[in-house]
């Protein structure tokens, strides 16, 4: 799959980027099927979009906390360090 952009074509060799883009596309399709609309909708105001974002970020912090409590020792796992 090659995807064109104003700055050229994203090459197939960038498998990570293409994998992430495919996930965004699938997520968008699931959202459209579930909610019957996409992000081009105009029925939500700025505060509504900020509320959506805040809820998503709150979920993310819960996922982080859950993973921190998994039964592994993150301090001794050298593979996971940056």
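Just so you know, all these numbers are worked out from the coordinates, no wet-lab data involved. These numbers come from a predicted model, not from an experiment. FYI the Cβ positions are ideal-geometry reconstructions off the backbone, even for glycines, and counts take in every protein chain you see.
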Calculated FRET value between residue 23 and residue 47, using beta carbons and R₀ = 35 Å, to 0.05: 0.80
Inverse of mean 1/r across different Cα pairs in the range 1-70, Kirkwood, Å: 15.2 Å
Residue 58 paired with residue 38, simple spin-label distance in nm, labels 7 Å along Cα-to-beta-carbon: 2.9 nm
Length added when fully stretched, residue 72-residue 4, from 0.36 nm per residue minus Cα-Cα: 20.2 nm
